[in-house]
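Only the coordinates and a few stated rules stand behind these numbers; no lab work does. Fair warning: this is a prediction, and the values are worked out from it, not measured in the lab. Backbone-built Cβ (ideal geometry, glycine too); neighbour counts: all protein chains shown.
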Amino acid sequence: MAMFCGVAGALLGGLLCSLLFPPKRTLVVDRAGSSATWQQEGIENLRQEEGSLGSMKDLPVYVIQEMRAVGLYRAFADFEERQALSNESCDE
């Protein structure tokens, strides 16, 4: 009985806190169109902060699988391809 009262009290406390202190931000996820744009901007910011991102060829298989699972593989592959084209045009 004491355990039941403890669980009920925790749930009641959580409900009370959620009513008294609502979230200050609303998270909006827009998956239409602009997704690729902010991914490319994020990758470019990462490259500027870190210098070089390395090569996709050097990644272990499990990392590539995880990147595909979360939808980032294509973004990094496109970025690497653009970097290679940019380097080739600078070399000429």
Checklist entry - Of all residues in the stretch 33-65, how many are of a type in the set (S, T, N, Q), touching a residue at least 12 places away in the same chain (Cβ under 8 Å) and surrounded by fewer than 13 Cβ atoms within 10 Å (Cβ to Cβ)? => result 1
Item to check | Residue among ALA75, ALA84 that is part of a helix (DSSP H, G or I) and under 15 Å from the mean Cα position of the chain (by Cα) | outcome: ALA75
